[in-house]
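A quick write-up on the structure given underneath.
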Amino acid sequence: MEIKPELVNTLLDVHPDLTPGVMTGLAWYFLLAAMLNAAAAAFVAYQEMVSEGASRDGLAPRTRKLPDALVVVFFALYGVATLLLLAKGFLPKSFDVATIGYGLCALANVILAITAGADAAHWAEKKYGHDGAAHAGPATLDDHIPAVGIGGPINRTLWSIVWAVCAVIFQAMGLVYILHGEYALPDFIRNAIDLVSGPTTFFTGATLAFFAMYFYRKYLANGVVAWWMVNAFLMFFGLSMTDFDFRDIVTKPDNVPIVGLIVLVGFFTWLSLRRAVINDARMAQGLPNLEELDPEKTLTWPDLVYTELIAMVALTIFLVVWAIALQAPLEQPASSTTAPNPSKAPWYFLGLQEMLVYFDPWMAGVVLPSLIVVGLMAMPYIDTNKQGNGYYTIAQRKFAYLTFQYGYLVLWVVLILLGTFLRGPNWNFFGPYEYWDVHKLIPLNNVNLSEIVWVQMLGTRRPDNIILRELPGILVVLGYFVVLPPLMERLFFRKMREQGGWIRYSVLAMLILFMASLPIKMVLRWTLNLKYLVAIPEYFFNI
Amino acid sequence: MAERPSVKDILAAARKGGAAKPADGGEAAPAPEAPAAAEASGAPAVPPPAPSLGRPLTLKEKLAAARGAAPGAPAAAAPTPAAPAAAAAPATGEKVVPPPAPSIGRPLTLKEKLAAAKSGGVAPAAAPSGGVPVAPKAAPAAKAPARDLPPLSEISDPRDLAEALRQAGAKKDKELAGADAKGAPAKPAAKAKPEAKTVPGKPSKSASLAEGTSRRAVLQFPWIVAGWVAFTGGLGALTAMCGRFMFPNVLAEPPSTVKVGVPTDFAKEDVSERWKAEWGFWIVRTERYNGQDILFALQSVCTHLGCPPNWLAGEQKFKCPCHGSGFYISGINFEGPAPRPLERFRVAIADDGQIMVDKSAKFQEELAQWSDPDSFLPAV
């Protein structure tokens with residue numbers, strides 16, 4: 001009797017990194033990555049590259065052109081592969097349709113990538129000669145016309161070759177998997193990542209990455225840099241899928257939307273950032289910004305309504321297909337005495353659930369969420385900056401951009417990611433490649449501030465009087481909300497206060513202080529194991 | 001009392017075309033019509049119309065005329081503005097508004113018009129016509145271009161429509177006035193009050209006074225009160241029912257006490273999970289709370305947000321799956337966000353020697369209730 005390896009693994013409760021199904025999936029995943037890079041190479045080699053806001057006036061027409069033969073070959077190969085896969089049932093069993101079909105697609109990718117790279121090199125040699133000295137000539141539409149503020153024109157020959165090489169590498173990885181080569185992410189990399197990941201490093205790293213994004217936005221806005229990041233993400237994600245635990249979490253039907261969320265949030269954040277960088281550079285040079293340059297308006301009917309109709313139909317189809325393909329997970333019947341472990345909120349509330357780890361329920365569940373809503377509503381009344389209306393900008397609205405994006409990207413989206421992927425049984429933190437062990441021991445002995453002050457620092461026992469006992473915490477909290485606003489006004493918000501007045505400034509300061517209380521409390525929990533600053537459980541009052 | 005004309009009647013009258021002509025009802029419309037006509041003579045607030053009327057009236061003129069309820073106003077208007085305003089005043093018994101400007105060579109300003117309106121309809125530029133007092137019966141409309149209007153359904157020209165509406169309005173006025181006149185003793189023209197219904201659709205004081213005693217007003221009053229009383233009563237009844245709902249006749253609650261066995265059933269430093277799923281508590285036997293070997297019933301509800309924690313025997317702790325709160329075997333919180341220890345239920349030895357757990361009474365450590373002898377049993 002033949003025993004399937006999966007069955008053995010299941011019986012032995014082994015967590016196999018690679019199964020035939022996973023390897024087939026990875027092969028197609030890397031095929032897709034290779035296709036994206038081949039397309040990028042072809043784009044850089046053949047297409048007109050005039051960036052946002054750049055003018056075409058007075059430029060010689062382009063001579064680069066996508067060869068028709070290449071298009072025909074590419075789609076013909078994909079078409080034949082599709083037909084083969086569709087006709088699988090009618091072909092003899094000895095005929096390995098899946099591998100041959102995959103090979104045809106891979107061939108199409110590689111042909112596209114190599115042709116594009118070689119063509120770009122050939123074109124450059126023809127135009128500039130071997131030494132490339134004539135590069136300094138007047139720009140034509142064959143060149144990359146960069147947007148203002150993003151840097152100089154890229155070398156199209158170089159980058160079409162680079163993306164072609166990337167495509168070939170991805171394709172090679174895909175071929176390895178389709179030919180049953182078992183390559184998994186090396187253990188030392190997984191262990192290293194697990195080792196450094198923890199709520200502290202994850203959250204601090206996200207905060208640092210956020211500020212890096214802000215300070216280096218000029219470089220991040222560059223398409224080449226952005227495409228490198230896409231490739232890095234594709235590679236990281238593909239290799240991580242070879243890990244059983246990572247795959248187990250990421251492919252849970254609950255968590256699939258979060259993966260989509262990473263892609264969507266990342267793309268739109270980048271897009272707005274790029275336009276803001278271009279606009280800021282243009283306005284610094286006295287040029288009109290992109291939105292002034294193209295003040296195109298369209299009609300509600302039919303343009304907008306038709307677009308909405310089509311979007312509606314497409315979204316409905318998408319949701320139906322998704323609902324059929326990825327069934328909603330049904331768990332055990334609800335019970336008031338048992339809960340799944342870990343018990344997770346709906347994905348969009350996982351940031352709130354993470355917040356609840358650091359605060360009392362009435363703070364994290366009532367006060368802070370209400371303040372999020374109130375603060376968002378108060379924004380137009382607090383904001384005295386009239387600039388930045390109707391166009392993307394960061395330089396003119398630094399404070400607004402930083403505050404909002406930090407609150408949204410780091411305090412909301414990143415906490416959702418943390419709650420979804422990195423919180424396991426007993427709400428312990430698990431590395432991305434770590435097995436969700438119910439018995440994982442993480443020392444979390446938390447103490448209240450009164451304990452730290454009275455017992456650990458002063459060496460006495462805690463006073464019986466509640467107010468006296470909690471006096472240190474009360475003083476800290478009062479100081480935070482009373483002393484800090486005037487201090488912040490002196491240091492950072494003088495102009496804002498002069499423009500908007502004390503009431504506006506006070507509201508703003510309160511909202512900022514409440515918002516900052518979350519990361520501050522998180523850091524205090526991780527560094528001092530601090531549970532509550534003020535802990536009066538006798539009256540359900542804990543801060 | 002004459003009945004109010006129905007819409008049908010009005011339209012029919014309008015179709016006939018002549019109904020609005022005061023001349024027709026010369027005697028039927030005695031009192032108020034006269035001052036109206038007199039006023040009309042002083043109503044050249046209308047932009048100076050062509051005296052000859054060799055052309056149809058403009059819409060503006062028609063509307064103005066309709067407001068003055070004097071169809072013939074333009075006809076009566078005299079070209080010479082020099083006449084004293086007093087000439088009109090005695091005729092109507094009205095307060096006199098000084099003419100804003102002797103010359104009417106221009107349209108009146110808004111201010112002037114408002115002033116005129118305030119004065120109750122007497123034209124500011126009383127310009128009347130070289131002081132020619134208009135006789136009450138000088139039915140001005142008679143001289144107005146009495147055009148034959150097509151039936152209302154066939155009117156296509158907006159000017160015709162306006163004319164038809166004006167005529168309808170005039171007829172209504174007349175009839176109302178007639179009603180008034182019949183209801184009250186006829187008065188001389190000069191004494192008729194100026195408010196006597198010159199603007200259609202805007203009932204004057206006398207008219208509303210007359211209606212104030214009408215059947216309709218009398219009948220409306222109790223209905224509204226009854227409606228509000230019913231509404232309030234219904235709302236009150238609903239509130240009472242909601243209140244009653246809070247106190248059901250039968251309360252299907254499970255019994256709050258359960259017997260869990262004799263004290264010797266429980267091993268040292270052990271947590272019994274048998275009653276967690278159905279009753280929501282653990283029976284714990286430990287020395288780690290205060291050094292004494294005691295038994296107690298610990299409610300399996302986390303004091304953070306109410307999730308049910310799990311007993312991890314290997315780690316000797318209760319651990320909550322929702323936010324990671326941890327509790328020692330004694331129930332004391334030590335990790336995660338839970339602000340206070342788990343709660344105990346009351347335990348007692350029943351007559352048959354079994355431990356009886358009473359879920360209706362709770363003991364909280366932070367309120368120093370765990371020293372209560374009802375909150376634990378000495379183990380044997």
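Round to the nearest 0.05 the FRET efficiency obtained for B:Met241 and A:Gln327 when R0 = 41 Å and r is the Cβ-Cβ distance. List each step's numbers first, then the result.
Details: r = 44 Å, r/R0 = 1.07.
Rounded to the nearest 0.05, the efficiency is 0.40.
Projected onto the charge dipole of region B:258-378 (+1 at Lys/Arg Cβ, -1 at Asp/Glu Cβ, origin at the Cα centre), which of B:Cys307, B:Gln369, B:Ile355 gives the Cα projection farthest towards the positive end?
In region B:258-378, that residue is B:Cys307.
Projecting each Cα onto the charge dipole of region A:16-182 (Lys/Arg +1, Asp/Glu -1 at the beta carbon, about the Cα centre), which of A:Val22, A:Ala76, A:Thr157 comes out farthest on the positive side?
Value: A:Ala76.
Counting Lys and Arg as +1 and Asp and Glu as -1, each charge on the Cβ, what is the dipole of region B:258-378 about the Cα centre in debye, to the nearest 20? Show your work: numbers first, answer last.
On the way: 13 positive and 17 negative charges, 57 e Å.
Here the size comes out at about 280 debye.
Summing -39500 (n - 2.57) over the DSSP H runs of n ≥ 4 in chain A and dividing by its residue number, what mean residue ellipticity at 222 nm do you reach, to the nearest 500 deg cm²/dmol?
On the way: 21 runs with 312 residues, N = 543.
Rounded to the nearest 500, the figure is -19000 deg cm²/dmol.
Hey, which of these cross-link pairs are over 28 Å Cα-Cα: A:Lys218/A:Lys344; A:Lys440/A:Lys531; B:Lys259/B:Lys319; B:Lys8/B:Lys60; A:Lys344/A:Lys521; A:Lys440/B:Lys359? Before the final figure, lay out the partial values.
On the way: A:Lys218/A:Lys344 38 Å; A:Lys440/A:Lys531 21 Å; B:Lys259/B:Lys319 26 Å; B:Lys8/B:Lys60 26 Å; A:Lys344/A:Lys521 22 Å; A:Lys440/B:Lys359 33 Å.
The pairs that break the limit, which is 28 Å between Cα atoms, are A:Lys218/A:Lys344; A:Lys440/B:Lys359.
Counting other beta carbons within 10 Å of each residue's own, what order do A:Thr393, A:Thr201 fall into, fewest first?
Going from sparsest to densest Cβ surroundings: A:Thr201, A:Thr393.
Taking only Cα atoms, what is the 0 to 90° angle, nearest 10, from helix A:156-178's long axis to the longest principal axis of chain A?
80 degrees
Work out the charge dipole of chain A with +1 on the Cβ of Lys and Arg and -1 on the Cβ of Asp and Glu about the Cα centre, then indicate which of A:Pro443, A:Pro369, A:Leu264 is farthest towards its positive end.
Result: A:Pro369.
Answer rounded, prolate or oblate for chain A, using the Cα gyration tensor with square roots of eigenvalues a ≥ b ≥ c: rounded when a/c is under 1.5, else prolate when a/b is larger than b/c, else oblate.
Since a/c reaches 1.5 but b/c is at least a/b, the shape of chain A is classed as oblate.
In nm, to one decimal, how far is the A:Leu475 label point from the B:Arg274 one, both placed 7 Å along Cα→Cβ?
Going by the 7 Å Cα→Cβ label model, 5.4 nm.
When only DSSP loop residues count, what GluC sites (Glu not before Pro) in region B:251-354 have their Cβ near at most 16 other Cβ atoms within 10 Å?
B:Glu269, B:Glu273, B:Glu287, B:Glu315
Which ordering of A:Met515, A:Met363 is given by a fewest-first count of other beta-carbon atoms within 10 Å? Don't skip to the answer; put the middle values down first.
Details: A:Met515 18, A:Met363 23.
With the fewest neighbours first, A:Met515, A:Met363 line up as A:Met515, A:Met363.
Taking the Cα centre of region A:16-182 as origin and charging only Cβ (+1 Lys, Arg; -1 Asp, Glu), how large is the dipole, in debye to the nearest 20?
Numbers: 9 positive and 12 negative charges, 62 e Å.
The calculation lands at about 300 debye.
How would A:Arg494, B:Arg15 line up from fewest to most surrounding beta-carbon atoms within 10 angstrom? Walk me through the intermediate numbers first.
Numbers: A:Arg494 12, B:Arg15 18.
Ordered from fewest to most neighbouring Cβ atoms within 10 Å, A:Arg494, B:Arg15 come out as A:Arg494, B:Arg15.
Given labels modelled 7 Å from the Cα in the Cβ direction, how far is it in nm from B:Asp372 to B:Ala267?
Going by the 7 Å Cα→Cβ label model, 3.2 nm.
Under the Karplus relation 6.51 cos²θ - 1.76 cosθ + 1.60, θ = phi - 60°, what is the ordered set of whole-Hz ³J(HN,Hα) values for region A:377-391, x standing for Gly and Pro?
5, 6, 3, x, 8, 8, 6, 9, 7, 8, 7, x, 8, x, 8
Tell me, what HN-Hα J-couplings in whole Hz come from the Karplus equation 6.51 cos²θ - 1.76 cosθ + 1.60 at θ = phi - 60° for each residue of region B:322-334, using x for Gly and Pro?
Rounded to whole hertz, the list is 8, 9, x, 5, x, 9, 5, 4, 6, x, 6, 6, 9.
Counting other C-beta atoms within 10 Å, and keeping those with at most 12, which DSSP coil trypsin sites (Lys or Arg not before Pro) do you find in region A:202-301?
Filter output for region A:202-301: A:Lys297.
What length, rounded to one decimal in nm, is gained on full extension from A:Asp383 through to A:Ile442, with 0.36 nm per residue of separation minus their alpha-carbon distance?
Details: separation 59, 0.36 × 59 = 21.24 nm, distance 4.40 nm.
Extra length available between A:Asp383 and A:Ile442 comes to 16.8 nm.
Compute the Cα gyration tensor for region A:52-112, then decide on rounded, prolate or oblate, letting a ≥ b ≥ c be the square roots of its eigenvalues: rounded whenever a/c is under 1.5, prolate when a/b is larger than b/c in the other cases, and oblate in all that remain. Spell out each step's value before the answer.
Details: a/c = 4.40, a/b = 3.92, b/c = 1.12.
Prolate.
Using a Förster distance of 25 Å, how high is the FRET efficiency between A:Lys127 and A:Asp57, based on the Cβ-Cβ distance and rounded to 0.05? List each step's numbers first, then the result.
Numbers: r = 22 Å, r/R0 = 0.87.
According to the calculation, E is roughly 0.70.
Please label the shape of region A:152-243 as rounded, prolate or oblate, based on the square roots a ≥ b ≥ c of the eigenvalues of the alpha-carbon gyration tensor (a/c under 1.5 means rounded; beyond that, a/b larger than b/c means prolate, else oblate). Each step should come with its number before you reach the end.
Working: a/c = 3.71, a/b = 1.03, b/c = 3.61.
Oblate is the answer for region A:152-243, as a/c is 1.5 or above yet b/c matches or exceeds a/b.
Obtain the nm distance between the two label points defined at B:Ala313 and A:Ala209 by a simple spin-label model: each point lies 7 Å from its Cα along the Cα-to-C-beta direction.
4.2 nm
Per-residue HN-Hα couplings for region A:260-273, Karplus 6.51 cos²θ - 1.76 cosθ + 1.60 at θ = phi - 60°, whole Hz, x for Gly and Pro?
So the Karplus estimates, Gly and Pro as x, are x, 4, 4, 5, 5, 4, x, 5, 6, 4, 5, 4, 5, 5 Hz.
Full extension from A:Lys88 to A:Val196: what is 0.36 nm times the residue separation minus their Cα-Cα distance, to one decimal in nm?
On the way: separation 108, 0.36 × 108 = 38.88 nm, distance 4.70 nm.
Value of the extension gain: 34.2 nm.
If you fit an axis through the alpha-carbon atoms of helix A:97-128 and take the longest principal axis of the Cα set of chain A, what angle between them do you get, 0 to 90°, nearest 10?
80 degrees
So which chymotrypsin sites (Phe, Trp or Tyr not before Pro) in region A:70-114 pass both tests, a DSSP loop state and at most 14 other Cβ atoms within 10 Å of the Cβ? Show your work: numbers first, answer last.
Details: sites: A:Phe74, A:Phe75, A:Tyr78, A:Phe90, A:Phe95, A:Tyr102; in loops: A:Phe95.
Of the chymotrypsin sites (Phe, Trp or Tyr not before Pro), the ones in loops of region A:70-114 whose Cβ has at most 14 other Cβ atoms within 10 Å are A:Phe95.
Every number in this text was worked out from the coordinates using simple rules, so none of it is lab data. Small disclaimer: the values here were computed from a predicted structure and weren't measured. Cβ: placed from backbone, ideal geometry, glycine included. Neighbour counts: every protein chain shown.
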